[in-house]
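The values are calculated or read from the model by the stated rules, or taken from the named source; none is laboratory data. Nothing here was measured: the structure is a model prediction, and the numbers come from that model. Neighbour counts run over all protein chains shown; Cβ positions are idealised from the backbone, glycine included. Keep in mind that these areas ignore ligands, DNA and RNA; they rest on the heavy atoms of the full protein, side chains included. Shrake-Rupley method; radii C 1.70, N 1.55, O 1.52, S 1.80 Å.
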Amino acid sequence: MLFQQTSFVLQWLLLTIIVGTCASLWTKETDLNEQSIKVFEKVSVNHYGPKSSSQSNMYLISDNGLGHRFDGIGGLSGGGATSRLLVNYAEPYRSQILDHLFKPNFGASLQILKVEIGGDGQSTEGTEATHMRSPNEENYTRGYEWWIMKQAKMRNPDIKLVGLPWCWPGWIGQGTVLPYKNRTLTALYIAKWVKGAKDYHDLQIDYVGIWNERQYDVKYIKTLRSVLNSFGFQNVEIIAADNKFNAISKSILHDKDLADAVSIIGAHYPGTVSGDLAPKTNKVLWSSEDYSTYNDIVGAGCWGRILNQNYVNGNITATIAWNLVASYYDKLPYKRCSLMTANEPWSGHYEPVGPIWVTAHTTQFTKPGWHYLKTVGHLNGGGSYVSLTDGHNNVTIVIETLSHDQSVCIRPFLPSYVVKEQNATFAIRGWFDIKELHMWQSQLGADSTDDQLFVYKGIIPVNPNGEITVFLPVDVLITLSTIKTAQKGTYPTPPPSHPFPLPYTDNFKANGFTEAFNFADQSGKFEIYHNASATDEHQWTLQQVVTIRPVTLCDDPNLGITMIGDYKWSNVAVSVQIKLQDAKGAFVALRVDKGGCDARVARGVFLWIMSDRSWMLTADLAQDTTLISCSAGSPCWKSELQEWNGVTLSISKDTNVKALLNGVEILEYTIAKEDYVPENGFVALGTANFAKSQFDSFSVKEA
């Protein structure tokens, strides 16, 4: 075998000399046995595939040598708070979910994990905690991303870790809405996150990004490279700029220092193409966020198509799915746009759906550091194939024949095309000495069921000419590989789904994480707080801790709000004790209808208790629709404020609203049609501004 490999290298050295003088080809280094081979024959194709054909075809697998290094398939936790409910799961279900995501040769077997570097701001489904709330304050225990990274590493020590900020704590902005006023300060913030991962969690971060889908700053990227180097993190590579390919590629082509600072050009939702400029940079190209599609069978088809065609059409060598796991309430934006669903910790129910097994078609048969072969492309009858090798005698071929309607992604737009059933013949030649391949198949048609996903079809013999012919129905994924270790991992059926339980209570005792179970912060940050010196019953509370508006991704409300429960709740009663502390007021709310980046325009029934001894009932978070109010000193003010104030708000079936303050009824109001109050929604708590305020003894029950 060694003799065969050596002969192959010598042959290709000679071929490189001959071809290199007469071809203008995009070159990229390879780092296996073929380091001398610099020629890459870029495939010229219609990137949505041929229109129709059902003929048998010959696809040569190794005679043309190696293409780009394969960098892996990954998932994204964050952007934001997408894994919020996962930590709440009891064992063994929590470990089973994690195994489906990260355990090698079991489920998705992910090779990359990308996480949000939290900034206390809304970043799609909620807010994630920062590690620094001031220039002089550092805390590397907040949130759950550290935990998720450690769980991934525990299952797969080789998994690559990526960090990217969506938002920034307010002090980073230095009075602006951008993080670039003091570039060194911002770079130190990121470098300290990398250092905190290493020092406190023994996690080696492999890559960091700039700012999710927002403007990049060339001087900042260079500064970040310099600061990372000064911390000894020369091996932490920079991905830029997590938006589109062209803009950052143009900057790199005109700035050598920037080109030296950036290792990878990462784009979001590229539609499987990388454009004209990115290839000219000779940089590694990643789809650093992709998919973002409901995880039904069509979503699985979307994921399967782009995993192949990102490389076939765009020379994109890694693809990362947003998001890793739908562990957020269904009514929040981008419902179940994930590789699997796990958003019922109270029941233990979870769903390892189609995208998990689509991912396995690649990840269970490859490793980062393998190489694509140059013979990749589109099938004559529609669909595509990629072939990869470890540079020795292992080969994997992934084939997809996914039709248009069964592979539509949420973005970008997918033009119409046709796929037909067909036969395909692959000739496995060159240095390979392969007698058989293992075949795994997933049927992704409209009527597909779980038992048709990732099914082992047995051994397919390779004939003496090194050829193998397979029949390809429409809407299938097929993997042919020498790898024998793949399996469709299973656990006993998880518990059945059931709604969020009522009644529900929380006294905010320590739970191993900084956030209270099942609360989903939508603006600001609500964390479990230990009143070490408290002599009353409030030793453990929930505290809103953000005191300055973050540098945001969304148009966050100018206050803190956290939600909990079932969006279908209509007639419930919530009770909580509130300590206003530094806040100018706090609120309790029912039937809250919006979260995510739309939280600012949420409607519902909001009871505000203000520090100036006034209260009001509004139909919206923005306080534009006041239903009834009471000013300080008025006869309607029937109860004095105390250090801790018991507040109860309820809506009965006849839409009658009642509120009590410290046991005294302060209002009764019947909702009218013209009030535009939603018929159902979440329960919420919050503050009237960004300031510290505490909550305790929370309960919700049927009214």
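Of everything in region 404-438 that's hydroxyl-bearing (Ser, Thr, Tyr) and closer than 17 Å to Val312 by Cα, which residue is most open to solvent (accessible area, probe 1.4 Å)? This residue is Tyr417.
Filter region 511-544 for residues that are of a type in the set (Asp, Glu) and either over 15 Å from Lys692 (Cα atoms) or under 20 Å from the mean Cα position of the chain (by Cα) (or both); which is surrounded by the most Cβ atoms within 10 Å (Cβ to Cβ)? The extreme case among them is Asp521.
How many residues, within region 330-347, are open to solvent by 10 Å² or more (accessible area, probe 1.4 Å) and of a type outside the set (Lys, Arg)?
8
Filtering region 436-462 to residues that are modelled with pLDDT of 95 or more and either within 18 Å of Leu60 (Cβ to Cβ) or among the hydrophobic types (A, V, I, L, M, F, W, C) (or both) leaves Leu437, Met439, Trp440, Leu444, Leu453, Phe454, Val455, Ile459, Ile460, Val462. As a summary of the residue check, Glu41 satisfies the conditions (1) open to solvent by 10 Å² or more (accessible area, probe 1.4 Å); (2) in contact with an Asp or Glu (Cβ under 7 Å, 6 or more places away or on another chain); (3) modelled with pLDDT under 95 except for the one numbered (2). Restricting attention to region 266-298, the residues that are surrounded by 24 or more Cβ atoms within 10 Å (Cβ to Cβ), within 15 Å of the chain's Cα centre (by Cα) and not aromatic (Phe, Trp, Tyr) total 8.
Condition check for Asn689 on (1) assigned to a strand (DSSP E or B); (2) within 38 Å of the chain's Cα centre (by Cα): one failure, at (1). For region 692-703, what are the residues that are open to solvent by 10 Å² or more (accessible area, probe 1.4 Å) and either within 18 Å of Lys331 (Cα to Cα) or not basic (Lys, Arg) (or both)? Matches in region 692-703: Ser697, Ser699, Glu702, Ala703. Filtering region 239-253 down to residues that are in contact with a Leu (Cβ under 9 Å, 6 or more places away or on another chain) and buried (at least 21 other Cβ atoms within 10 Å of the Cβ), which residue is farthest from Gln309 (Cα to Cα)? The residue in question is Ile252. For region 402-415, the condition holds for no residue, the condition being that it is at pLDDT 95 or above, touching a strand residue (DSSP E or B) at 6+ places or on another chain (Cβ under 7 Å) and in a strand (DSSP E or B).
Can you tell me how many residues in region 312-333 are touching a Leu at 6+ places or on another chain (Cβ under 9 Å), of a type outside the set (A, V, I, L, M) and closer than 19 Å to Gly275 by Cβ? First the steps, then the outcome.
If we filter region 312-333 for residues that are touching a Leu at 6+ places or on another chain (Cβ under 9 Å), which is where we start, we get 314-329.
From what's left, of a type outside the set (A, V, I, L, M): 314-315, 317, 319, 322-323, 327-329.
Narrowing further to those that are closer than 19 Å to Gly275 by Cβ: 314-315, 317, 319.
Total satisfying the criteria: 4.
For region 261-278, the criterion of a residue being among the acidic types (Asp, Glu), modelled with pLDDT of 95 or more and in contact with a Gly (Cβ under 7 Å, 6 or more places away or on another chain) is satisfied by no position.
Determine which member of the set Thr655, Thr670, Thr618, Thr648 is closer than 25 Å to Lys692 by Cα and either open to solvent by less than 20 Å² (accessible area, probe 1.4 Å) or without any contact (Cβ under 8 Å) to a residue 40 or more places away in the chain (or both). Let's see the steps before the verdict.
Details: Thr655 fails: closer than 25 Å to Lys692 by Cα; Thr670 fails: closer than 25 Å to Lys692 by Cα; Thr648 fails: either open to solvent by less than 20 Å² (accessible area, probe 1.4 Å) or without any contact (Cβ under 8 Å) to a residue 40 or more places away in the chain (or both).
It is Thr618.
Of all the criteria given as (1) within 27 Å of Ala516 (Cβ to Cβ); (2) out of contact with any strand residue (DSSP E or B) (no Cβ under 9 Å at 6 or more places or on another chain), the one not satisfied by Glu674 is (1).
Total residues in region 284-305 satisfying the condition of being of a type in the set (Val, Ile, Thr) and in a helix (DSSP H, G or I): the figure is 2. Please verify whether Thr141 is farther than 27 Å from Pro352 by Cβ, among the polar types (S, T, N, Q) and surrounded by 20 or more Cβ atoms within 10 Å (Cβ to Cβ), treating the condition exactly as stated. When the stated conditions are applied, Thr141 does not pass them. Every condition in (1) of a type outside the set (Asp, Glu); (2) within 30 Å of Ile399 (Cβ to Cβ); (3) out of contact with any strand residue (DSSP E or B) (no Cβ under 9 Å at 6 or more places or on another chain) is met by Gln309 except one, and the failing one is (3). Among the residues of region 231-245, just one is free of Cβ contacts under 8 Å to residues at least 24 places away in the same chain and either among the small types (Gly, Ala, Ser) or not in a loop (DSSP other than H, G, I, E, B) (or both), namely Gly232.
Within region 254-261, does at least one residue satisfy the condition of being more than 20 Å from Glu138 (Cα to Cα), touching a strand residue (DSSP E or B) at 6+ places or on another chain (Cβ under 7 Å) and surrounded by fewer than 19 Cβ atoms within 10 Å (Cβ to Cβ)?
Step one: of region 254-261, the residues more than 20 Å from Glu138 (Cα to Cα) are 254-261.
Then drop every residue that is not touching a strand residue (DSSP E or B) at 6+ places or on another chain (Cβ under 7 Å), which leaves 261.
Imposing the further condition that a residue be surrounded by fewer than 19 Cβ atoms within 10 Å (Cβ to Cβ) reduces the set to none.
No, region 254-261 has no match at all.
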